[in-house]
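Q: Take a look at the following structure, please.
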Amino acid sequence: MSDFDRFRTPLKNARGLGSAKDGVHHFVVQRATAVALFFLGLYFLGFVISLIGADYAAARAAVAHPCHAVLLIAFLVTSFWHAQLGLQVVIEDYVHTPILAVTSQLAVRFVCVLAALASVLAVLRIALGA
């Protein structure tokens, strides 16, 4: 290391590398899922309220309706996707040990995908009458 290298700032080392070009995409997808969840959440809330007082057979028939099944699956997939994106940001911001950060990211993604698949399977089983 020469005498002049110690006066260089970290900005000098970063110049010319460009951006990762992933942050904007993550930001946009997180906002898009949030907007979708707003409308799907309103639908889900109205759907659940409409089932108050309904018996098991009526609730099962309501979930089995194709329109409701598709919207419920959209709500579930969007919810888990949005949760995974949000937890990714939290891990990136607050977990500073590289191996723990990677392990946490993989665990969060695995749990979110597994929970989304299980939830979608449950709706499909009801919708298809299995």
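The values are calculated or read from the model by the stated rules, or taken from the named source; none is laboratory data. Bear in mind that the values here come from a model prediction, so they are computed numbers and not experimental data. Cβ coordinates were reconstructed from backbone atoms using ideal geometry, including for glycine residues, and neighbour counts include every protein chain displayed. What goes into the accessible areas is simple: the full protein's heavy atoms, side chains included, and nothing from ligands, DNA or RNA. Shrake-Rupley method; radii C 1.70, N 1.55, O 1.52, S 1.80 Å.
To keep it simple, each residue is scored yes or no on (1) open to solvent by less than 70 Å² (accessible area, probe 1.4 Å); (2) in contact with a Cys (Cβ under 9 Å, 6 or more places away or on another chain); (3) under 22 Å from residue 59 (Cα atoms).
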position	(1), (2), (3)
84	yes, yes, no
89	yes, no, no
96	no, no, no
100	no, no, no
106	no, no, no
119	yes, no, yes
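Q: Is it the case that residue 64 is open to solvent by less than 50 Å² (accessible area, probe 1.4 Å), among the hydrophobic types (A, V, I, L, M, F, W, C) and without any contact (Cβ under 8 Å) to a residue 40 or more places away in the chain?
A: For residue 64, the condition - open to solvent by less than 50 Å² (accessible area, probe 1.4 Å), among the hydrophobic types (A, V, I, L, M, F, W, C) and without any contact (Cβ under 8 Å) to a residue 40 or more places away in the chain - is not met.
Q: I would also like to ask the following. Would you confirm whether or not region 81-95 contains a residue that is over 19 Å from residue 23 (Cα atoms), assigned to a helix (DSSP H, G or I) and not aliphatic (A, V, I, L, M)?
A: No: zero hits.
Q: Residue 14 is checked against (1) small (Gly, Ala, Ser); (2) modelled with pLDDT under 95; (3) open to solvent by 70 Å² or more (accessible area, probe 1.4 Å) and fails just one. What number does that condition carry?
A: (3)
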